[in-house]
Amino acid sequence: MMAIEVKGVSYAYPDGTPALREVSLSIPAGSRTAILGPNGAGKSTLLLHLNGLLAPQRGQVFVAGRPVLGDEDTWVRETVGMVFQDPDDQVFSATVAEDVAFGPQNMGLSPEEVVRRVKASLARVGLRGYEERPPHRLSYGERKRVAIAGVLAMGPDILVLDEPMAYLDPEGRLRLRAILDELSAESKTLLVATHDVDFAVEWSDHVVILRGGRVFRSGGPEVLRDAELLREASLTMPTVARVFAGFEGLCRDRCPLTVGEARELLASIQTELEVE
Amino acid sequence: MQFLDLHTGRDTPVHRLDPRFKLVTMLAFLVVVVNLRQPGALALATAVICLVLFTARIPVRYVLARLLMALPFTGILFLIPFTTPGHAALKFGPASVSYEGLSLALVLVMRLGAALLVTTALTSTTPLTDLLRAMASVGVPTVFVQLVHFTVRYFSVLSEEIATMRRAQRSRGYEPGSVLRPDHLRAMAQLIGMAFIRAMERGERVYRAMRARNYREGLFRPPSRRAGAGEYAWTALTGLVICLLLLVDRGSPL
């Protein structure tokens, strides 16, 4: 079952700059997909097509098998939740509770159900008790979590996040990772646009690389092993892969990509040394 | 805009009133105050508002600071005694001050002061969110309420952006100096232009994010609180005070 299918979508901005050219891709339900690419590769433009904020000029987008037609589609906004890069663009209300309630209220839910969803969503992002706080006095990371809560309150099956780790401090990143892991465990489909290959190898199970508005390569995270491919896509190699490049003799069947794999390899080498 | 909700968190009878009642009664009071003609009636009105501010335990320093903010706008009032024709009270060479002008200036200053005290009493005892909701529920057009709301929400965001741009200018050796110097004027104009463009782009992104959550009309829902005895007592009291003021001022309530 595909959560999202993009078929031959092209889009050019009003000034004529082409942003997407014949993009086709499929996102399996329940997957953790990283959309990688340098700035200007078309990541954000692609994301805006996924919940009807932009309508494709050519091609079609299907969400859960239904075609997305454009701005009048309210169902797609309830199925695909969009978390924008800058929480100040998204969190506009005077209090945290009001902002989280914004989506559910637009869905026409009863006041009791709205209150219930606000509470539940704030609890999921670890912001219980923040209901009456004004967003402009929260930290950047907290505002980001308010933005996520506001989207979760609409109960989407698919969550799309644009550069979620940008500008977050280390603690903020850890918290966000924990939230993403929890959502993934609830079998939500997660899509993250990023140029952080280290995050992509650690987190994703599916990778789409964009380059100049086209899908350059897609597959499992092991595609990020290919140094030649990454150079062509203007991306860097994952840090762990860079460390082990040139030491292929040390690797078992394949060189590690993630910190966890690297530690396993080093541990086994150490055990061998001790035996000798 | 940190000063906005400085004293709204207190727990006094004035703070506890339903914002809708507070808004409507204080507006009615404001309309009456700015139409009073006798200094005596104005003094009485001022005393009443001071009593409200005292009950709400708003610090005197804070109230005075708010009054001082209006000082630049009172400059024109000092011309009135000179320009109003009437019996001369004082003479400065060719210029003379008239009695009529003096009393008119006094009334205008007192009206301004009383009006500012009323708005201070309202905004310092009501959190802005409640005030906006109250405005929406008593029929202030949504566009206007949203305008106020977005101004407050994004003031800190935009001022932070401008501060960052200024720091960036300084770090490349620019010292803001006289606007009369062409290069300084150009740097300032570019800063202002850039701030406008950023605000516009921000506006588009905010709107897009709102659409992503299925935004339609009407942001503010009326408060669920229901008016009790306190609200009706407050409204009756305001009505009585207004009648009293009009009696003192005009000799009849209408």
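The values are calculated or read from the model by the stated rules, or taken from the named source; none is laboratory data. None of these values were measured; they are calculated from a predicted model. So basically every Cβ, Gly included, is an ideal-geometry build from the backbone, and we count neighbours across all protein chains shown. In case anyone asks, the SASA skips ligands and DNA or RNA and just uses the protein heavy atoms, side chains included. Shrake-Rupley method; radii C 1.70, N 1.55, O 1.52, S 1.80 Å.
Give segment B:25-77 a look and list any residue that's in contact with a Ser or Thr (Cβ under 9 Å, 6 or more places away or on another chain), of a type in the set (A, V, I, L, M) and either open to solvent by 40 Å² or more (accessible area, probe 1.4 Å) or under 11 Å from B:A114 (Cβ atoms) (or both), or say none.
Hits for segment B:25-77 are B:A28, B:L30, B:V33, B:I49, B:L67.
If you scan segment A:222-274, which residues turn out to be in a loop (DSSP other than H, G, I, E, B), within 30 Å of A:G212 (Cα to Cα) and in contact (Cβ under 8 Å) with a residue 24 or more places away in the chain? Walk me through it before giving the result.
In the first step, residues of segment A:222-274 are kept if they are in a loop (DSSP other than H, G, I, E, B); the result is A:226, A:233-238, A:245-258.
Restricting the remaining residues to those that are within 30 Å of A:G212 (Cα to Cα) gives A:226, A:233-238, A:245, A:255-258.
Residues satisfying the conditions are A:A233, A:S234, A:L235, A:T236, A:M237, A:P238, A:C255, A:L257, A:T258.
How about segment B:22-67: which of its residues are charged (D, E, K, R), closer than 21 Å to B:T126 by Cα and in contact (Cβ under 8 Å) with a residue 12 or more places away in the chain? Walk me through how you get there before you give the answer.
From segment B:22-67, those charged (D, E, K, R) are B:22, B:37, B:57, B:61, B:66; that's our starting set.
So of that shortlist, the ones also closer than 21 Å to B:T126 by Cα come out as B:22, B:57, B:61, B:66.
Of everything in segment B:22-67, those that are charged (D, E, K, R), closer than 21 Å to B:T126 by Cα and in contact (Cβ under 8 Å) with a residue 12 or more places away in the chain turn out to be B:K22, B:R57, B:R66.
Quick one: is B:G203 farther than 30 Å from B:R16 by Cα and at pLDDT 80 or above?
Working: farther than 30 Å from B:R16 by Cα: yes; at pLDDT 80 or above: yes.
Here the answer is yes, as B:G203 does meet what is asked.
If I go through segment A:205-220 residue by residue, how many of them are touching an Asp or Glu at 6+ places or on another chain (Cβ under 8 Å), outside any strand (DSSP E or B) and open to solvent by 20 Å² or more (accessible area, probe 1.4 Å)?
Residues in segment A:205-220 being touching an Asp or Glu at 6+ places or on another chain (Cβ under 8 Å), outside any strand (DSSP E or B) and open to solvent by 20 Å² or more (accessible area, probe 1.4 Å): 0 in total.
State whether one or more residues within segment A:46-69 are within 14 Å of the chain's Cα centre (by Cα), more than 11 Å from chain B (Cβ to nearest Cβ) and either part of a helix (DSSP H, G or I) or not aliphatic (A, V, I, L, M) (or both).
yes
If you go through segment A:79-126, how many residues are part of a loop (DSSP other than H, G, I, E, B), surrounded by 21 or more Cβ atoms within 10 Å (Cβ to Cβ) and more than 9 Å from chain B (Cβ to nearest Cβ)?
Result for segment A:79-126: 1.
Looking at segment A:17-35, which of its residues are open to solvent by less than 50 Å² (accessible area, probe 1.4 Å) and assigned to a loop (DSSP other than H, G, I, E, B)?
A:G30, A:S31, listed by residue number.
Cβ-Cβ distance below 7 Å, separation of 6 or more or different chains: which pairs start in segment A:4-19 with a residue that is hydrophobic (A, V, I, L, M, F, W, C) and end on one that is open to solvent by 70 Å² or more (accessible area, probe 1.4 Å) and not in a strand (DSSP E or B)?
Taking only residues 6 or more apart or on different chains, the pairs are A:A12/A:Q57; A:A19/A:Y13.
For A:V76, indicate whether it is in contact with a strand residue (DSSP E or B) (Cβ under 8 Å, 6 or more places away or on another chain), within 14 Å of chain B (Cβ to nearest Cβ) and outside any loop (DSSP other than H, G, I, E, B). Don't jump to the end; show me each part of the working.
Numbers: in contact with a strand residue (DSSP E or B) (Cβ under 8 Å, 6 or more places away or on another chain): yes; within 14 Å of chain B (Cβ to nearest Cβ): yes; outside any loop (DSSP other than H, G, I, E, B): yes.
Yes.
Which members of segment A:36-58 meet the condition of being among the small types (G, A, S), at negative phi and open to solvent by 10 Å² or more (accessible area, probe 1.4 Å)?
Across segment A:36-58, the qualifying residues are A:S44, A:A55.
Evaluate segment A:120-131: report whether one residue or more is under 15 Å from B:S156 (Cβ atoms) and more than 21 Å from the chain's Cα centre (by Cα).
No, that holds for no residue.
Pick from B:R186, B:R221, B:R225, B:R216: which is within 28 Å of A:G150 (Cα to Cα), at pLDDT below 90 and away from chain A (no Cβ under 13 Å)?
B:R225
Of the residues A:V151, A:V146, only one is buried (at least 21 other Cβ atoms within 10 Å of the Cβ), in contact with a strand residue (DSSP E or B) (Cβ under 8 Å, 6 or more places away or on another chain) and either in a helix (DSSP H, G or I) or of a type in the set (D, E) (or both); which?
From the options A:V151, A:V146, the qualifying one is A:V151.
When both residues are 6+ apart or on different chains and their Cβ atoms are under 6 Å apart, which pairs have a first residue that lies in segment B:109-136 and is within 14 Å of chain A (Cβ to nearest Cβ) and in a helix (DSSP H, G or I), and a second that is among the polar types (S, T, N, Q) and open to solvent by less than 30 Å² (accessible area, probe 1.4 Å)?
B:T129/A:T95
Quick check on this structure: which one of B:G173, B:G193 is small (G, A, S) and either in a loop (DSSP other than H, G, I, E, B) or modelled with pLDDT under 85 (or both)?
B:G173
Under the condition of being open to solvent by less than 10 Å² (accessible area, probe 1.4 Å) and not in a strand (DSSP E or B), which residue from segment A:155-164 is nearest to the other protein chains (Cβ to nearest Cβ)?
For segment A:155-164, the residue satisfying everything is A:P156.
Residue by residue through segment B:56-86, note down the ones that are modelled with pLDDT of 80 or more, assigned to a loop (DSSP other than H, G, I, E, B) and of a type outside the set (K, R).
B:A56, B:I58, B:P59
Checking A:G65 against (1) closer than 9 Å to A:V9 by Cβ; (2) surrounded by fewer than 23 Cβ atoms within 10 Å (Cβ to Cβ), which single condition isn't satisfied?
For A:G65, the exception is condition (1).
Output the number of residues of segment A:166-192 satisfying the condition of being in contact with a strand residue (DSSP E or B) (Cβ under 7 Å, 6 or more places away or on another chain) and either open to solvent by less than 10 Å² (accessible area, probe 1.4 Å) or not polar (S, T, N, Q) (or both).
So the count comes out to 7.
Please specify each residue of segment B:156-193 satisfying the condition of being open to solvent by 90 Å² or more (accessible area, probe 1.4 Å) and either in contact with a Pro (Cβ under 8 Å, 6 or more places away or on another chain) or within 30 Å of A:Y140 (Cβ to Cβ) (or both).
Hits for segment B:156-193 are B:E160, B:R166, B:R167, B:R170, B:S171, B:R172, B:Q190.
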